[in-house]
Amino acid sequence: MRVVVVLVVMAVAIVGLPVKGVVRAQGMRQPSAAVSKPPFPLDDPDAIAEGAKRFSASCTGYCHGREGRVSRAPKLRSKTYEPDFLYARIAQGSPGGASGLVMPSFQTMLPPEEIWKLVAYLMSLSSVKDE
């Protein structure tokens, strides 16, 4: 019996170490249990500009169109959203709706401050009209 326990402990240690290394290598973090609040005003031009860069790098192409225009996912321009709704949608993702598209969760890939920058950018799109 003692040999079985030792073998199980060794197997868990051997399997657990590489998984832990892979998680760290991918930059994965545990999401914060606390409800996040914006660490800056959402109309801060610097935060909006940084959010625009992150949006362009992470959200356009396959899902959202450039500058929040319509693409596979709904357009984001000239729409009014609550900041907490946007934060939750970005952080937790969204199951597939009528379109069948699934938005991934970003809370394990981005720190709360980066998610709030995305929110600031998306909030700035509410006043932008399509040509």
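The values are calculated or read from the model by the stated rules, or taken from the named source; none is laboratory data. Only a predicted model underlies this, so the values are computations on that prediction, with no experimental measurement involved. With ideal geometry, Cβ positions are generated from the backbone for all residues, glycine too; neighbour counts draw on all protein chains shown. SASA here: full protein model, heavy atoms, side chains in, ligands and nucleic acids out. Shrake-Rupley method; radii C 1.70, N 1.55, O 1.52, S 1.80 Å.
Points worth noting:
- Residue in region 68-76 that is at pLDDT 90 or above and open to solvent by 70 Å² or more (accessible area, probe 1.4 Å) present: no
- Residue match in region 94-115 (condition: surrounded by 14 or more Cβ atoms within 10 Å (Cβ to Cβ), within 20 Å of VAL128 (Cα to Cα) and at pLDDT 80 or above): no
- Against the criterion of being over 15 Å from the mean Cα position of the chain (by Cα), modelled with pLDDT of 95 or more and surrounded by fewer than 14 Cβ atoms within 10 Å (Cβ to Cβ), PRO45 qualifies.
- Applying a threshold of 6 Å to beta carbon distances and a minimum spacing of six or more residues, or different chains, the list of pairs starting in region 74-102 at a residue that is farther than 17 Å from SER126 by Cβ and ending at one that is modelled with pLDDT of 80 or more and assigned to a helix (DSSP H, G or I) reads ALA91/ILE115.
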